[in-house]
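These notes are about the structure you will find just below.
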Amino acid sequence: MALQMRIHVPPHPFINQLLAVCRDKNTPTPIFRSAVADLGRWLAYEALRDFLPTLEVGVYTPLEMPAAATVIDSRVPLAVVPVLRAGLALLDGILPLVPSASVHHLGYARNEKTLLADCYLDRLPKVFEPETRVLILEPMLATGGTSVAVMEKILERGALVENIRIISVICAPPALQALSQRYSDLVIYSAMIDEHLNEQGYIVPGLGDAGDRAFGT
Ligand code: URA
């Protein structure tokens, strides 16, 4: 049976409330940034639920009683890939959950004429161990240009599609179509799927330029 890309939009009042704050054009920069970080935390909580390998171990409680325990298997590397700039705001909320993850920054700037993504910074490792879990942080999945370029780069370095998840704030049908055509095993967690893009490639209704709004530019 052919696999299908999965997109999860966790139905939770916290996520909806934070999304409303991000959408509101009157939200000031510091509040916007902290709402994106909080969205990152809740979405990562959901995305990592069945993604991080665990180990069954035994621990002794202060009562000297052995207790069965489940812990995160730290032998399996976790790599977080924030896509600059806006991915940094998601990172702020996620890193406290997984403090020993390695962070590999990727910088993409959208060429406003071609709407294509130009890579200006690549801090990926030369090679990912195939079992490495990779979490891509890309708040706005609009045309899919950046996210497909990011996926290609990560796969070139040896990561496996089934070990990659994307966390986004809002995604739009063109990006979802571009990703699902190429990566049937991919899993995405997002706060919302919006309707369409405008002629400039912005998500509608969206939240505007996530990088500008997160960093006050
Ligand atoms: N990038 C953004 O920051 N916003 C959009 O609406 C689309 C791409």
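Values as computed for the structure displayed
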| read-out | value |
| --- | --- |
| From phi via Karplus (6.51, -1.76, 1.60), per-residue ³J(HN,Hα) for the stretch 93-101 in Hz, x at Gly/Pro | x, 8, 4, x, 6, 10, x, 9, 5 |
| Accessible-area order (highest first, 1.4 angstrom probe) of the listed residues Arg75, Arg182, Arg41 | Arg75, Arg182, Arg41 |
| Estimated [θ] at 222 nm from DSSP helical runs (n ≥ 4, -39500 (n - 2.57)) normalised by residues in the chain, nearest 500 | -9500 deg cm²/dmol |
| Radius of gyration and Dmax over the Cα atoms of the stretch 6-215, both given in Å | 17.8, 67 |
| Note, ³J(HN,Hα) from phi for the stretch 22-28, Karplus 6.51, -1.76, 1.60, rounded to Hz, x at Gly and Pro | 5, 5, 4, 5, 8, 5, x |
| Histogram of C-alpha separations across the stretch 12-92, 10 Å bin width, % | 15, 33, 24, 18, 9, 1 |
| Leu84 long-range amide H proximity, modeled H, under 5 Å | Leu106, Gly107, Tyr108 |
| Length-normalised contact order of the stretch 6-215 in % [C-alpha pairs under 8 Å, at least 6 apart] | 23 percent |
| Order of exposure, largest accessible area first, which applies to Lys153, Lys25 with probe 1.4 Å | Lys25, Lys153 |
| Met151, Met140, Met65, Met192, reordered so the largest accessible area comes first (probe 1.4 Å) | Met65, Met192, Met140, Met151 |
| For Ile136, distant residues with modelled amide H under 5 Å away | Val81, Arg165, Ile166, Ile167 |
| Ser34 accessible area, assembled protein chains, probe 1.4 Å, Å² | 60 Å² |
| Sequence-distant aspartates and glutamates (8 or more away, or on other chains) whose Cα lies within less than 16 Å of Lys153 | Asp118, Asp122, Glu129, Glu138, Glu162 |
| For the stretch 8-43 versus the stretch 79-109, the gap between their alpha-carbon centres in whole angstrom | 17 Å |
| Size of charge dipole - the chain - debye, nearest 20, with Cβ of Lys, Arg +1 and Asp, Glu -1, no other charges | 300 debye |
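The values are calculated or read from the model by the stated rules, or taken from the named source; none is laboratory data. In this text the structure is predicted, and so the values were computed from the model without any measurement. We place every Cβ from the backbone using ideal geometry, glycine too, and count neighbours over all the protein chains shown. The protein model used for the area step is the full one, side chains on, heavy atoms only, and it has no ligands, DNA or RNA in it. Shrake-Rupley method; radii C 1.70, N 1.55, O 1.52, S 1.80 Å.
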